[in-house]
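Down below is the structure, laid out as structure tokens.
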Amino acid sequence: MDFNYTPEQQQFKDALRRFIDKDYTFEHRKKIIHSEQGISDQAWGTLVELGMTALPVPEEQGGFNGSAVDMLVVMQELGRGIVVEPYFATVLGAQFLKLAGGQEALLEQVASGELKLAAALGEKQARHDLFDIATTAKADGDGYVINGTKTVVIHGGQAGMLIVSARSGGAQRDTDGISLFVVPADASGVTRRDYRTIDGLRAADIRFDNVRVPASALLGSAGAGWDILDAAADYGATLLCAEAVGAMDALNGATLEYLKTRQQFGVPIGKFQALQHRMAEMFMQAEQARSMATLAAVKVSSADVEERRRTVSAAKARVGQALKYVGQQAIQLHGGMGVTDEMPAAHHFKRLTMIDLTLGDTDHHLARFAAQPGFRNAA
């Protein structure tokens with residue numbers, strides 16, 4: 001396998017890095033986080049100009065038809081800069097639209113940057129089980145009526161359209177009977193409570209009270225949305241793995257620089273062999289995570305569903321283990337400064353922690369990996 005970037009991938013990487021280094025500095029990011037909006041229209045406009053919103057969209061809808069490997073490059077740079085714009089949420093929502101088909105008009109709006117999306121999937125009782133759905137969608141005439149509550153919807157307050165999972169049949173934890181809908185965020189009966197999460201991003205708890213949507217809002221077939229939901233969630237987990245790798249790279253770099261400058265007993269603490277060993281282990285953890293994130297990006301589009309699930313869960317679990325080690329070691333090596341709001345290390349660590357908890361934590365994906373038929377057959 002060729003692990004070198006193509007010229008186009010390198011171009012995207014370089015353009016993003018220049019933007020982040022020049023216009024999305026750590027101090028600029030802090031101002032965005034503490035602003036009333038919590039995001040920057042100017043930064044979003046730059047991402048659109050750079051082609052980032054068009055990258056994952058099919059060419060027929062004005063995009064570049066970028067693969068998960070192309071997105072790996074982008075997400076690593078966004079992780080490095082701990083960018084808080086609603087890019088991940090929008091790209092994840094676009095994946096639902098692509099998998100369902102028939103949503104060309106919305107995908108065109110995503111590609112042009114006009115439309116931001118959010119995936120309203122989680123519920124308070126479900127933890128990481130996305131099939132545990134209490135929100136209901138009942139057929140009513142030529143449409144559906146949605147009732148229920150979705151929690152911690154990433155950038156749900158900034159989205160123009162919501163991808164909503166709801167139960168149109170079956171028991172609460174069945175994979176059968178799940179339907180997916182695209183719902184305008186300002187639809188009658190939709191109530192959003194927006195807040196800032198510990199990593200500086202925005203999330204929202206969203207309530208649906210007798211929200212009426214037409215039949216055209218249905219993604220795919222009624223009651224058969226689990227396959228789309230499962231595949232899109234794996235795609236999202238793959239993007240998060242890539243973002244984590246970028247954040248770990250930045251955290252390792254910042255920690256190494258700190259060890260070179262912080263002095264004790266008249267010498268830089270980086271000269272102490274014990275700390276050098278810890279730094280080397282942090283580097284190895286990040287490299288192993290990079291390998292698994294790359295493998296997940298290659299396999300997430302596999303027609304073999306078991307292979308996709310197995311690979312993505314293995315990657316999310318391994319990246320989760322690595323980010324915990326790298327994050328904790330970086331904070332310790334920074335000392336008390338590592339937990340202050342003034343140091344980028346604290347912000348990287350918070351983002352890494354939230355990545356681990358999004359779309360299934362390490363324990364969840366270890367259990368999912370072990371539950372795959374291939375694992376049992378090999379045991």
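The values are calculated or read from the model by the stated rules, or taken from the named source; none is laboratory data. Please read all numbers here as calculations on a predicted model, not as lab measurements. In this analysis, Cβ positions are derived from the backbone assuming ideal geometry, glycine residues included, and neighbour counts consider all displayed protein chains. Protein only, heavy atoms only, side chains kept; ligands, DNA and RNA dropped before computing areas. Shrake-Rupley method; radii C 1.70, N 1.55, O 1.52, S 1.80 Å.
Observations
- Using a cutoff of 8 angstrom between alpha carbon atoms and counting only pairs six or more residues apart, the relative contact order for segment 1-156 works out to 20 percent.
- Over the Cα atoms of the chain, the radius of gyration divided by the Kirkwood radius equals 0.98; this is the Rg/Rh ratio.
- Along principal axes, Cα extents of segment 48-119, largest first, whole Å: 35, 22, 21
- Debye log10 I(q)/I(0) at q = 0.09, 0.14, 0.16, 0.21 Å⁻¹ for segment 260-379, Cα point scatterers: -0.34, -0.69, -0.82, -1.15
- Each part reduced to its alpha carbon centroid, segment 53-82 and segment 218-232 end up 23 Å apart.
- FRET efficiency, 1/(1 + (r/R0)^6) with R0 35 Å, evaluated for Lys271 and Glu49 via beta carbons: 0.20
- Note on segment 348-367 and segment 31-46: Cα centroid distance 25 Å, given to the nearest whole angstrom.
- The residues of segment 133-273 present an accessible area of 40 Å² per residue when probed at 1.4 Å with all protein chains retained.
- Segment 94-236, relative contact order [Cα under 8 Å, separation at least 6], %: 27 percent
- Both numbers refer to the Cα atoms of segment 15-62; Rg and Dmax are 12.7, 39 Å.
- Cα gyration tensor shape of segment 109-226, rounded if a/c is under 1.5, else prolate or oblate by comparing a/b with b/c: oblate
- Note on Ile198: accessible area is roughly 110 Å² with a 1.4 Å probe, heavy atoms of protein only.
- Computed from backbone phi with θ = phi - 60° and the Karplus coefficients 6.51, -1.76 and 1.60, the 3J(HN,Hα) list for segment 238-252 is 5, 4, 5, 4, 5, 4, 4, 4, x, 5, 5, 4, 5, 5, 5 Hz; x is used for glycine and proline.
- Built amide H within the under 5 Å cut-off of Gly157, gap 5+: Ala204
- Distances between placed amide hydrogens fall under 5 Å for Leu117 paired with Thr90, Gly160, all partners being 5 or more residues away or on another chain.
- Cα gyration tensor, segment 320-370 - rounded (a/c under 1.5), prolate or oblate: prolate
- Taking θ as phi - 60° and the Karplus parameters 6.51, -1.76 and 1.60, the scalar couplings of segment 188-194 work out to 4, x, 8, 10, 10, 10, 8 Hz in sequence order, x denoting glycine and proline.
- Shown in residue order for segment 214-221 are the 3J(HN,Hα) couplings computed by the Karplus curve 6.51 cos²θ - 1.76 cosθ + 1.60 at θ = phi - 60°: x, 4, 5, 6, 6, 9, x, 9 Hz (x for Gly and Pro).
- Projecting label points 7 angstrom from Cα along Cα→Cβ for Ser291 and Asn65 puts them 3.3 nm apart.
- Net charge dipole size for segment 237-379 [Lys, Arg +1 and Asp, Glu -1 on Cβ; Debye, nearest 20]: 220 debye
- Too-long pairs where the Cα-Cα distance tops 21 Å, listed order kept, from Lys116/Lys150; Lys316/Lys350; Lys116/Lys138: Lys116/Lys138
- Put simply, the amide H of Tyr5, placed in the peptide plane, has no neighbours under 5 Å, leaving out anything fewer than 5 places away on its chain.
- Inter-label distance, Asn147 to Ser221: 2.8 nm, where each label sits 7 Å from its Cα along the C-beta direction.
- 5 Å binning of all Cα-Cα separations within segment 151-289, expressed as whole percents from 0 upward: 2, 8, 12, 13, 14, 11, 8, 7, 7, 6, 5, 4, 2, 1, 0
- A quarter of the convex hull surface defined by the alpha-carbon atoms of segment 1-121 gives 8.3 nm² as the mean projection.
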